[in-house]
Structures are given as C-alpha cells and as structure tokens.
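Report on the following structure.
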Amino acid sequence: MAEVTRDRWTGRVPFIFAAIGSAIGLGNVWRFPYITYEYGGGTFLIPYIIGLFVLGIPWMMMEFGMGRFFQRSAPGVFESIGKKWEWLGWWPVWVAFLIVTYYTVVIAWSLHYAISSATVAWGIGEAGAAGAGDYFFGTVLRLSDGPSILGAPVWSILGLLALVWVILFFIMFKGARVIGRVSVWLVIIPWVLLAVLVIRGLTLPGAVDGLNYYLTPDFAVLGQGEVWFAAFSQIAFTLSLGMAGMFAYGSFIAKRADVTNNAFITSFSDAATAFFAGFAVFSTVGFIMQALNIPIGEVSAAGLGLAFVTFPVAVSMLPGANALIGVLFFLCLFFLGTTSAYFLAYGGVISPLMDKFGSGRVKTTLIVCIVSFLVGILYTTSGGLYWLDIVDRTVSFYGLLITGALACLVIGWGFGTGKLREYLNETSDIKVGAWWDWLIKIVAPAGLIFVLIYGGFMKDIAPEGYEGYFNWSWPIWTILGITLVFSFLLQAIKTRGPKGGD
Ligand code: PHE
C-alpha cells in the first residue's frame, strides 16, 4: 500500500486554536449558564472546578497523547491497544454523531435569532420582554405538549439547519489545514464580541443581583449527586472529551510536538471563556430581575432555552442599541458553535470513518453531513425540543462519561499510563508526574462511575423517568444500547484505511 500522508496541522498556533475552537462552543455560552443556573448557581462552580483539574485536564492529555502516539483516531487507537477494544473507539463516535445532530440545531436557532434581532422581532420594552418566552417556544419552535407529539418540522429552522450543514461541509472537506486556519478567526472574533457583551451586561442596573447568584456558593447542595453528575458532564462536554474528537485532533499533531502544555492552554482558555460568558448571562439575569421586579427563580425556568429567552428579554429592555447587541450576541453563538460543530463532525465522525474504510475525505464528509442533517430534522419538529433534551441527556450525560470512564480504565491498565506519560514528557514543555497515572487509573474512572450511578442512573430509572417524558426513561437506555451494538458491529468489519504513518 502506498505511504499515506496523515492530515496535518500547519503549525502549533493553528493546532492550539483548533483545539481551543473545538473546546469553546455552545457548551460555554449556551450550556454552561443554564446548567449552572439549574444546579445551584455559585455552588455549581465548586464541582465544576474540581472536575476541571481532577478529571478534565488529565483526561485531555490522555486523548491528545494517545492520538499522537498511534497517529490514528479513536477506533484506531483502541484497536492498536488490542483488537478486542476497537468498539470502545466507536462508541464515542456514535456519541459525537448524536451530539452534532442536535448541536447544529442550536446553531440554527442562533442564526434565526441573529436575523430576528435585527428588528427585535419579539418587541421592544416591557411588552417585548414579557413576550420573549412565547416568541421562543411559540413562534420560533412551535413547541408541542410533549415528546410524543412531533408535528411537522418548522420550515424556517429546517432551512437554517440545511444552511449550517452547507457551511460546515465547505470548511471540513479540505481537512485539518483549513480547519486550523479558519479556527484562529472563529475564536478571536467571538472573544471580542463576548467582551463587548460582558461590559454591556455589567453596566446594566441590577447586574449585581445576578452575579451574586452566580458567585455565591451554598454548600448544602454539594451533597447532591446530580450536581456532580451535571458538573462532570459539563466538563467533558465543554472540553470536548469522551467523544473521539480529541484523539483525532491529537493524531494530526506532528510526532515531536508538545502535548501537556497544549492541554493546559486549551482547558484554561475554555474554562475562562465559560466563566466569562457567565458574567454576560448572569448580569443580564440580574437586570431582568430588577426591571421586571421578579425573584431569580422566575426569570426563566427555560433550562435549555435560557440563552434564547433571557437574552432577548434583556435586548428588549436595553436603553439603546437593542438590535446591535442582539445581533452581536447571536452571531457570537453562531461562530462559537461552528468551530465546535466541525470538530464534532470531522474529528469525531469523519476522521474515524476515513481511517477505517480508507474512503476519500470529500465523499465521507458529504455522507456524514447529509445523514446528520436528516437526523437533525427530528429536532426541528414541534416536539423537537423535548427530543433535544432527551438526546442531550443520553449522550452528553451518559455517553460522554461512560465512554470516558471505560477509556481511562483500558488506557490506564491495558496500555499503561507510565508508558504514555514518559512519551508525553519526552517532548512536552510541562512534565507530568506519577500523580497523573493515578488520576487516570483510579480517581477519574471511580469518580465518573460513582456520579453515573448515584447522580444519574438511580434517578432516571424511576417510573416517571427523566423530566417525566417517558416511563423509566426507556429511550435513553435504548439509544445507548443500540449505539453499543453498532460499535461492536463496526469492530467486526475489517479495517481498510491507513494504519497511521506520516
Ligand atoms: N466543547 C464544545 C462545546 O462546549 C463542543 C463539544 C460539545 C464537544 C459537545 C463535545 C461535546 O460546545
């Protein structure tokens, strides 16, 4: 077979920006604020920060390191550890695939709002503020009464979803080189936009009340397993771990490049961005509390819709520049979402498929874009928001953490953390000590398994099920089961693609 040239970053800066771009996404500006809001505000930051250090950073080093070591994406890495483990590289591919199907829908909502903000379509002043919730759930989503009432797709969202996939296709089909270059811009522009929004938020009357909620811890909540479950899920989500992609991004690093320092830079930039975005959202929440004279609990019970309800309310209530601030915020979401979406699709799904089947990039990219779009139609229906919630629970809570725990165990005990650590330290700026071995072999998997069972499973298997949607949350277990079976089937197929090499 001819020598295969592996897809490559064009240098350290494009790689770091691509990694940061993949990490910083809707997870920071959309998911982090609503999860923080749902799980206790300031208190949530404690398990979040613990999760960052004990779990996130060591885990990212492992994924980058293994990808670079074997020069293959996740399935190839696990196949190299032992043929019987290949499925463990495919399961996260399914997780990435399902995430990108709904992630792109949230990007489509952002585009919708970037457009409707230009005219502040939900109205200016008190009336607009009061109507922002109805605008989102009624006019934009046409929300039905439950997940079993799907209804027709909402055409405007469906059209925008198609547009998002066309844009993604054009960024992805050229591979790592283009992704690295585009990322530099798609990271810097949102940072500037976010800075503008934070300054605007902090200078609004009432901002302090929102920030108090964001920053004051209530230690009693820390005893609840679900808070830890949510925090670990958010760490994996925001750092893009547990879903195959970072293995692939690591495999595009030249063999002698740094890993550990890059993992630190990526994780810290990501956490800092989420924390910063929290100021934009919570100062706005405080402003709404004061302007409408309501307590925090009533600002928006929107959950998944927090950014899409709270922010429009604030836009209505601004003393000036309403449309401009609205457009900026939603464009920022759009840019951030896009860099992460091509990471999910390219690193998480396309690259593993190319490695396995030896198929061409353009063809593979096209197929993945079309199939993901077709699945995405589900979330554009009237019952779509419920399904988005169910699939998020399935893959981003369970999927990321289960595959992460298993990966730590197999890599830690099967491949050997000592070997990987020596390899990383050889070329990295920051040398990691033996503590890292124990985090990967014992602390991370034990912590993950504990929160999975105690924080999630025990609650979701109750008769009323997650959010009362379905008895015993059966769709969650069904989706997990089917994707696991598919992963074993893929393992059974012979690998035809490149075995690494550069
Ligand atoms: N980390 C990115 C985000 O926070 C993208 C991503 C989302 C990656 C979900 C993996 C899983 O939005």
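The values are calculated or read from the model by the stated rules, or taken from the named source; none is laboratory data. All of these numbers come straight from a predicted model, not from anything done at the bench. Note: ideal-geometry Cβ built from the backbone for every residue, glycine included; neighbour counts use all protein chains shown. In case anyone asks, the SASA skips ligands and DNA or RNA and just uses the protein heavy atoms, side chains included. Shrake-Rupley method; radii C 1.70, N 1.55, O 1.52, S 1.80 Å.
Quick look at the numbers
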| quantity | calculated |
| --- | --- |
| Given (1) open to solvent by less than 10 Å² (accessible area, probe 1.4 Å); (2) more than 10 Å from the ligand (Cβ to nearest atom); (3) in contact with a Gly (Cβ under 7 Å, 6 or more places away or on another chain), index of the condition Gly245 fails | (2) |
| From Phe397, Phe415, Phe373, Phe457, residue being at pLDDT 95 or above and surrounded by 15 or more Cβ atoms within 10 Å (Cβ to Cβ) | Phe373 |
| Helices (runs of 4 or more DSSP H) completely within the range 375-476 that count 2 or more residues being over 24 Å from Gly56 (Cα atoms) | 384-391 |
| Those residues of the range 214-233 which are closer than 27 Å to Ile288 by Cα and either open to solvent by less than 60 Å² (accessible area, probe 1.4 Å) or at pLDDT 85 or above (or both), in sequence order | Tyr214, Leu215, Pro217, Val221, Val227, Ala230, Ala231 |
| Residues being among the acidic types (Asp, Glu), open to solvent by 10 Å² or more (accessible area, probe 1.4 Å) and either over 19 Å from Lys419 (Cα atoms) or without any contact (Cβ under 8 Å) to a residue 24 or more places away in the chain (or both) - total across the range 45-96 | 0 |
| Scope the range 376-390; condition open to solvent by less than 10 Å² (accessible area, probe 1.4 Å) and of a type in the set (A, V, I, L, M, F, W, C); matching residues | Leu388, Ile390 |
| Where Ile49 falls short, out of the listed (1) of a type in the set (A, V, I, L, M); (2) within 18 Å of the chain's Cα centre (by Cα); (3) within 16 Å of the ligand (Cβ to nearest atom) | (3) |
| Within the range 248-273, tally of residues that are surrounded by fewer than 23 Cβ atoms within 10 Å (Cβ to Cβ) and part of a helix (DSSP H, G or I) | 6 |
| Options Phe137, Phe64, Phe97: the member that is closer than 30 Å to Gly384 by Cβ, out of contact with any Lys or Arg (no Cβ under 8 Å at 6 or more places or on another chain) and within 16 Å of the ligand (Cβ to nearest atom) | Phe97 |
| First in the range 12-34 and in contact (Cβ under 8 Å) with a residue 12 or more places away in the chain, second anywhere and outside any helix (DSSP H, G or I) and away from the ligand (no atom under 13 Å from the Cβ), Cβ under 8 Å, 6 or more apart | Arg12/Ala257; Arg12/Asp258; Phe15/Trp9; Phe15/Phe252; Phe15/Ile253; Phe15/Ala257; Ala18/Trp9; Tyr34/Ala302 |
| Complete set of residues in the range 22-44 that are outside any helix (DSSP H, G or I) and open to solvent by less than 10 Å² (accessible area, probe 1.4 Å) | Ile24, Gly25 |
| First in the range 249-276 and closer than 16 Å to Asp429 by Cβ, second anywhere and open to solvent by 50 Å² or more (accessible area, probe 1.4 Å) and part of a helix (DSSP H, G or I), Cβ under 7 Å, 6 or more apart | Ala257/Arg12 |
| Residues (away from the ligand (no atom under 16 Å from the Cβ) and touching a Leu at 6+ places or on another chain (Cβ under 7 Å)) located in the range 26-46 | Tyr37, Gly42, Thr43, Ile46 |
| Residue identified as within 16 Å of the ligand (Cβ to nearest atom) and among the hydrophobic types (A, V, I, L, M, F, W, C) among Ala231, Ala220 | Ala231 |
| Qualifying residue in the range 1-16 (condition: at pLDDT below 95, within 16 Å of the ligand (Cβ to nearest atom), within 17 Å of the chain's Cα centre (by Cα) and of a type in the set (Val, Ile, Thr)) | no |
| Residue tally, condition part of a helix (DSSP H, G or I) and either closer than 17 Å to Ser22 by Cβ or polar (S, T, N, Q) (or both), over the range 225-247 | 9 |
| Matching entry among Trp387, Trp436 (being touching a strand residue (DSSP E or B) at 6+ places or on another chain (Cβ under 9 Å) and at negative phi) | Trp387 |
